[in-house]
Amino acid sequence: MKNNYYRLILNKLNIFSFLTYFKTKLINIVELSLLKIEMIKTIDHIALIKKWEIPEVLKNANTIILGSFNPYNPEKENTDYYYGRNSNFLWKTIASIIGKNEDFFQDNFDRKYEVMVDLKFGFMDIIDSIEISGNNSDELDEYIRQNIFTNFLDQKIFTSKTKFNETVIRLKRNYNHRINDVIKSNCVTKIIHTMGNSRISLDLKTTPKESNLGKNGFQYLINSISSHHIEFDFTSYSPSGYATRKGGNEYPKILKNWLTKNLSV
């Protein structure tokens, strides 16, 4: 009788040990599976959120200035319009061209709107949003904070794969094909861009090409824009603070002459 009792106890202990072991293994499997799951975080262009593509401006525009991307940060105040950061020299240069002080357009959208209508130009950026993925949510957030929201440079958004700490980060760009609709439906006669000739070469070869993405790739977008029977100025100068500092003392004058010519001021 006593032996049967001990056997019963041992059987229960064995079952308990097995269940504990199984539970531990299951937890480990789940944890490993979670580590392999790619999380995707999408950063939208401010233009989509703030409705920067103003129909009356674009319908009136003879010249469209194409840029790359301006990330919307829901946790802080964003710039008022394209190239609106104080570190950027585009609006400062336009102010100089029309005989105003360099801060004439700073944080003043009404003045920007008025000069766009008067000089018949408008803005669009080629990227609508960026999907950033990785298997570590905290690292993704920190990467976005450090490289998209803070130290924003075109070379960071045009990479497709990088490593941040120990996490592999992938970026996928979703392009703005409304540009072609604007060109086709309005009075646009000229396209210029501010991405520099290292991004779009003088023979319109893009970096990256993204040929594997077909109609969703960078090269396809630029090819489709250049296929319209309008002038496309292949020479490009970036008005970013980084490009201006890197360009040296003569760069502001070069940028001013380029904008003066293309805006027909």
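The values are calculated or read from the model by the stated rules, or taken from the named source; none is laboratory data. Just so you know, these numbers come straight off a predicted model, no measurement behind them. Neighbour counts run over all protein chains shown; Cβ positions are idealised from the backbone, glycine included.
With the checklist (1) modelled with pLDDT of 95 or more; (2) out of contact with any Gly (no Cβ under 7 Å at 6 or more places or on another chain) in hand, flag the one item Lys76 doesn't pass.
(1)
Of these, Gly99, Gly122, Gly134, which one is in contact with a Leu (Cβ under 6 Å, 6 or more places away or on another chain) and under 30 Å from Ile230 (Cα atoms)? Reasoning before the result, please.
Working: Gly99 fails: in contact with a Leu (Cβ under 6 Å, 6 or more places away or on another chain); Gly134 fails: under 30 Å from Ile230 (Cα atoms).
Just one listed residue meets the conditions, Gly122.
If you check Ser129, Ser137, Ser133, Ser96, which single one turns out to be over 25 Å from Ile43 (Cα atoms) and assigned by TED's automatic domain parsing to the domain that holds Lys59?
Ser96
Give Asn174, Asn197, Asn151 a once-over and let me know the one that is within 25 Å of Tyr72 (Cβ to Cβ) and modelled with pLDDT of 95 or more.
Details: Asn197 fails: within 25 Å of Tyr72 (Cβ to Cβ); Asn151 fails: modelled with pLDDT of 95 or more.
After ruling out the rest, the residue left standing is Asn174.
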